[in-house]
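See structure below.
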Amino acid sequence: MTDDVNRLVAAGRALRTAAPYHLAATVRDVLCGHYGAENAEFLMVDYGLKVLQPVSAPADPAQAVPVHGSAAGRAFGAQQPFVMRDDDGRSWLHLPVTARGDRLGVLRVTLPPGARPEDDLTELAELARMLGHEVPPAERDTDFYEPARRTGRLTLAAEMQWQLLPARSSAGPEYALGAQLEPAYATFGDNFDWSASADRLLLYVTDGMGEGIDASLLTSLGINALRNARRAGVPIADQAALADQAVYAQYRGRAYLSVLLVDLELSSGRLQVVDAGSPRMLRLRDGAVTTVRLEPQLPLGMFEETDYTAQEVRLRPGDRLLFVSDGVHAVTAPGGEQYGERALARAFTATRLLPAADVPAAILRELGGHRGRPEPDDDALVVCLDWFGKQPMGR
């Protein structure tokens, strides 16, 4: 083995054997001890996708770095290493920390004057990727990283919702996903869930009913009922029917759940969709946005033993889909003007050059301008899905 391979292998071993709460310190020790770094800091993105905060000092606002307009934010958004140098020759490397498309944050590495960061850039980027793959399993055993995800206290309902979510971005050879919820620190009913296999991607977009803990409990029941049915291998129409029965058995029609269920065959672009409520679906194809009209069916739990049917939609390689809750398309401006499909289509078109992971936050920022105030009155959920088409073997 070469020295470079030896030290990268040693770094991987150190991360795998580190205590769950010691990953950031371990990667700093590796970088300072084997790569000549002066310092290294792991910055995690907060729930609102507004700032990157060091895990070593999450409660210090002075050390938070904005996602927009900063070197670390540039690396986070582009998912590419970004290098800065000062007049004294000192270098700062900003390396995206990501696990299978889930963007966790940035590793910021300080190198002394005279160092040549380009010599080790590929290796250091791999080290940051290795860190990203160790963080999710570590978070199952410690709360050490949670403070860095927060700029304030979450409501109990929001705490329950964030713990229910899979991630905010994901990617595979045939697809890319991004999602975001607002208000990030006080959401209660809206939710999303997804699961990928070698040949399918299943996605649920949930528009919850009610407020506070009641809304969160309702959504938790519905999502877990859908997961239970999905993991039993039943088709999405039957998943909806089984979840409908679970919600009705608990609430007897007093509360119900609007869900859009999507089953994408990754090789063909064949989409099976069950529209059980109010979430909307838009498609961007060849620069043009259209609303995908679906057959409306009853929300889950409204009546006993409802039957559901799936509609088929065909995608083409390069298609982008947008899913939104009514907290997006039905929001009103101070003068009473509803946001509506036309404004949503304009915002969707304006984000066409962004990666899927960045689209939801960009649309929610534009929505805030229409609303005329930073925080929404209702949950607002946006999910973006890109389908690239069947990829050649070995890609």
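Atom-type composition of the exposed protein surface of the chain places 50 percent of the accessible area on carbon and sulfur (1.4 angstrom probe). Helix-only arithmetic for the chain: the sum of -39500 (n - 2.57) across DSSP H runs with n ≥ 4, divided by the residue total, places the mean residue ellipticity at 222 nm at -10500 deg cm²/dmol.
Distance between the modelled labels on Ile213 and Val5, one decimal in nanometres: 5.8 nm (7 Å Cα→Cβ projection). Taking amide H positions as placed 1.01 Å from N in the peptide plane, with prolines and chain starts having none, which residues 5 or more places from Gln180, or on another chain, fall under 5 Å of its amide H? When sequence neighbours closer than 5 places are left aside, the close amide H contacts are Val382. The listed residues Asp102, Asp207, once ranked by accessible area (1.4 Å probe) with the largest placed first, stand as Asp102, Asp207.
For the pair Ala57 and Glu341 in one chain, pulling the backbone fully straight at 0.36 nm per residue adds 98.0 nm over the alpha carbon distance. With contacts taken as Cα pairs under 8 Å and at least 6 residues apart, region 159-214 reaches a relative contact order of 28 percent. Residue farthest toward the positive end of the dipole of the chain, with Cβ of Lys/Arg at +1 and Asp/Glu at -1: which of Gly340, Asn228, Leu124? About the Cα centre, the residue reaching furthest to the positive side is Leu124.
Which order, highest average first, do 347-355, 244-252 follow once you tally other Cβ atoms within 10 Å for each residue and take the mean per peptide? Walk me through the intermediate numbers first.
Numbers: 347-355: 16.0, 244-252: 18.3.
Packing proxy ranking, top to bottom: 244-252, 347-355.
In the context of the full protein assembly, His68 retains an accessible surface of approximately 110 Å², using a probe radius of 1.4 Å and ignoring ligands and nucleic acids. Dimensions of region 281-372 based on its C-alpha atoms, expressed as ranges along the principal axes with the largest first, amount to 42, 38, 21 Å. Across the protein chains, with a 1.4 Å probe defining accessible surface, the residues Thr151, Thr122 rank Thr122, Thr151 from largest area downward. If R0 is 30 Å, the Cβ-Cβ spacing of Asn39 and Arg365 corresponds to a FRET efficiency of close to 0.40. Region 185-200 and region 272-300 have their alpha-carbon centroids 17 Å apart.
Just to check, using Stokes-Einstein with a Kirkwood Rh over alpha carbon pairs, what's the diffusion coefficient of the chain at 25 °C and 0.890 mPa s in µm²/s?
Numbers: Rh = 22.2 Å.
Rounded, D is 110 µm²/s.
Note on region 262-317: Cα-only Rg and Dmax are 13.1, 43 Å.
Along the axis of the charge dipole computed for region 266-335 (Cβ charges of +1 for Lys and Arg, -1 for Asp and Glu, origin at the Cα centre), the listed residues Pro317, Ala330, Ser278 are led at the positive end by Pro317.
Below 8 Å between Cα atoms, with a sequence gap of 6+, how large is the relative contact order for region 230-380 in percent? Walk me through the numbers before you get to the answer.
Details: 254 pairs, mean separation 34.4, N = 151.
23 percent.
Evaluated with a Cβ-only charge set (Lys, Arg +1; Asp, Glu -1), the chain carries a dipole of roughly 600 debye about its Cα centre, given to the nearest 20.
Write down the accessible area per residue of region 113-166 in Å², having rolled a 1.4 Å probe over the full set of protein chains. The partial results should precede the final answer.
Values: 2800 Å² over 54 residues.
In whole numbers, region 113-166 has 52 Å² accessible per residue.
On full extension of the chain, what length is gained from Ala249 through Arg153, given 0.36 nm per residue of separation minus the C-alpha to C-alpha distance?
Numbers: separation 96, 0.36 × 96 = 34.56 nm, distance 3.37 nm.
Net length gain for the segment: 31.2 nm.
Residues of region 16-59 falling in the label zone of Asp88, defined by backbone nitrogen less than 14 Å from a point 7 Å along Cα to beta-carbon, are 38-39.
Take Trp92: with every protein chain present and a 1.4 Å probe, its accessible area is about 80 Å².
Gain in length, Glu304 to Ser195, computed as 0.36 nm per residue apart minus the alpha-carbon separation, to one decimal in nm?
Going from the current span to full extension adds 36.5 nm.
Here the contact order of the chain, divided by its residue count and restricted to Cα pairs under 8 Å and six or more residues apart, works out to 14 percent.
Between Ala288 and Arg270, the distance separating the two model label sites (each 7 Å from Cα on the Cα→Cβ line) works out to 2.6 nm.
How do Ser278, Ser197 rank by accessible surface area computed with a 1.4 Å probe, from largest to smallest?
Values: Ser278 35, Ser197 60 Å².
Heavy-atom accessible area, descending, gives Ser197, Ser278.
The values are calculated or read from the model by the stated rules, or taken from the named source; none is laboratory data. Note that this is a predicted model, so its numbers are computed, not measured. Glycine gets a Cβ as well: all are built from the backbone with ideal geometry, and neighbour counts include every protein chain shown. Side chains are part of the model used for accessible areas, which takes the heavy atoms of the whole protein and leaves out ligands, DNA and RNA. Shrake-Rupley method; radii C 1.70, N 1.55, O 1.52, S 1.80 Å.
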